Amino acid sequence: MAGIFKAYDIRGVYPEQLNEEMAEKIGRAYIEFSGAKKVVIGHDMRPDSTPLFKAMAKGMTEQGANVVNIGMCSTPMSYFANGKLGADGSIIITASHNPAGWNGFKMCMKEAIPISGATGIMDIERIVEEESWSECDKLGTVSNYDIAPEYAKFLQSHIKVDRKLKVVIDYANSMGSFESAGIEEFFEIIPMYKELDGTFPNHEANPLKLDTLDAIRAKVKEVGADFGAAFDGDADRCGFIDNKGEIIPMDLFTALIAQDILSEGPATILYDLRSSRAVKECIEENGGTAIMSRVGYAFIKAQMREHDAVFAGELSGHYYFKENYTAESQGLAFVKFANLICKSGKTSSELVAPLRKYAFSGEINSKVLDAESVIAELKEKYADGNQFELDGLSVEYKSWWFNVRSSNTEPLLRLIVEADEQAEMESRRDEILAVIRG
């Protein structure tokens, strides 16, 4: 299968790895695996997304399933449609932030429950390889449905601003324009790179790469905006910029949204275990129950359901809301940040400032041949700390902590270190990297 079946989705280069023939087989295999009778399919703006949709719909209908085509949309809109339309499952055709030439499928069961490698992708791969789907006598149908008005109404129902904030949006020539379409009339929007273009002519659609944020940071300062928002390719992640043009760390943004949510009353909120200690402290100071989560959307969404959490934030810029079927909604994150600015009477930079109180390394990647032995060595070296293994190895001390974990997709160890003081963070970081890198 040329490695297109990943830990969290199916993704590959079109048409060498992922083409119409493969899409039709995956459509058949999805129905064989899931037993779905009604499936929502949406797609992004890449030129090959439409032929892939047609092939996938053909495979599904030949297995007797009915396909609801919601057309071009953001990934959060596809999750919303899954739950709102009472579908048995959904697929969004997108390669997210990957460059031109790539495409892929993010798959869900009913109520937008994700299908990951551990919960179905490997089964679907096996069915595709064996072509072991059952024969079906009755063909399914394809119908069209415009989910945009209902998604807009959903987002608008959460708006509580008292004025039109000025916001710069970097759409990265991709699906952010669909994600925010229903709320833009309530703001003074300064658009950047709004024209849809699957070649991504201005920059990669990935706010995790901080250099992609240079242009929006400059624009926020130039126009005197209240904040900026930079979407990734399928708009299930977003990076936010404060009014001074500074990047708001994605874990600290979790704490900001938590403040808005908790102003309405107590709730359970999940935070990514890589997050600053400031996030947990902020949630608890505002009356919430803070629960640490594993990395990865499949794990986080399952943990949200387990604990009946209303919100979760991830260091990668995924923000999950119970209201959107326990799935991402960057439109809702945008709205709740605007609400907080208005109700607090503070600027975005003033809201972030109290959270910037620890020295944080960011995520540092190292190539290793034997991750298990390295983690075992670290476990022994730091045995006097408070250790736990929710995801990789975490070790806590009074004035600092670290987490080291293996990548799900690459031969890498990922390290994060945080300390009360910059000097200690740097010394501990270097000390641990010396072990990791030998």
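Tabulated data for the structure shown
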quantity: Cα coordinate range in segment 232-366, projected on the principal axes (Å, largest first); calculated: 42, 36, 30
quantity: Backbone HN-Hα couplings from phi across segment 94-107 [Karplus 6.51/-1.76/1.60, Hz, Gly and Pro as x]; calculated: 6, 10, 6, 8, 4, x, 3, x, 9, 7, x, 9, 9, 10
quantity: Whole-number D in µm² s⁻¹ for segment 306-412, Kirkwood Cα-pair radius fed into Stokes-Einstein, 4 °C, 1.567 mPa s; calculated: 75
quantity: Two-site label geometry, E185 and K160: point separation in nm, points 7 Å out along Cα→Cβ; calculated: 2.3
quantity: Per-selection Kirkwood Rh - segment 175-226 (Cα, Å, 1 d.p.); calculated: 12.5
quantity: Projected label distance in nm at Q422 and V435, using a 7 Å step from Cα toward the beta-carbon; calculated: 2.6
quantity: Whole-angstrom Cα spans of segment 282-361 along principal axes, big to small; calculated: 35, 29, 24
quantity: Highest to lowest packing among 328-334, 105-111, 20-26, scored as the average C-beta count within 10 Å; calculated: 328-334, 105-111, 20-26
quantity: Highest-first arrangement of 172-184, 289-301, where packing means the average Cβ count within 10 Å; calculated: 172-184, 289-301
quantity: Contour excess over end-to-end distance, with Cα ends at E284 and D197 and 0.36 nm allotted per residue; calculated: 27.0 nm
quantity: 0 to 90° range, to nearest 10: angle between helix 20-34 axis and the chain longest Cα axis; calculated: 80
quantity: Heavy-atom accessible area per residue - segment 97-155, 1.4 Å, Å²; calculated: 54
quantity: Full-stretch length increase - K37, S344 - with 0.36 nm per residue and alpha-carbon distance subtracted; calculated: 105.8 nm
quantity: For segment 345-351, 3J(HN,Hα) per residue [Karplus equation, 6.51 cos²θ - 1.76 cosθ + 1.60, θ = phi - 60°, Hz, x = Gly/Pro]; calculated: x, 10, 6, 4, 5, 5, 6
quantity: Positive minus negative residues near S399 (Lys, Arg vs Asp, Glu; Cβ under 12 Å); calculated: -2
quantity: Cα gyration tensor, the chain - rounded (a/c under 1.5), prolate or oblate; calculated: oblate
quantity: Low-density loop positions, trypsin sites (Lys or Arg not before Pro), segment 360-406 - DSSP coil, at most 16 other Cβ in 10 Å; calculated: K398
quantity: Per-residue ³J(HN,Hα) for segment 179-192, Karplus 6.51 cos²θ - 1.76 cosθ + 1.60, θ = phi - 60°, Hz, x for Gly and Pro; calculated: 4, 9, 4, x, 10, 5, 5, 8, 9, 8, 8, 9, x, 9
quantity: Positive minus negative residues near I70 (Lys, Arg vs Asp, Glu; Cβ under 13 Å); calculated: -1
quantity: Accessible area per residue, Å², segment 294-421 with all protein chains present, probe 1.4 Å; calculated: 41
quantity: Estimated distance in nm for a label pair at K379 and E130, the labels positioned 7 Å out from Cα along Cα-to-Cβ; calculated: 3.5
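The values are calculated or read from the model by the stated rules, or taken from the named source; none is laboratory data. Small disclaimer: the values here were computed from a predicted structure and weren't measured. With ideal geometry, Cβ positions are generated from the backbone for all residues, glycine too; neighbour counts draw on all protein chains shown. Protein only, heavy atoms only, side chains kept; ligands, DNA and RNA dropped before computing areas. Shrake-Rupley method; radii C 1.70, N 1.55, O 1.52, S 1.80 Å.
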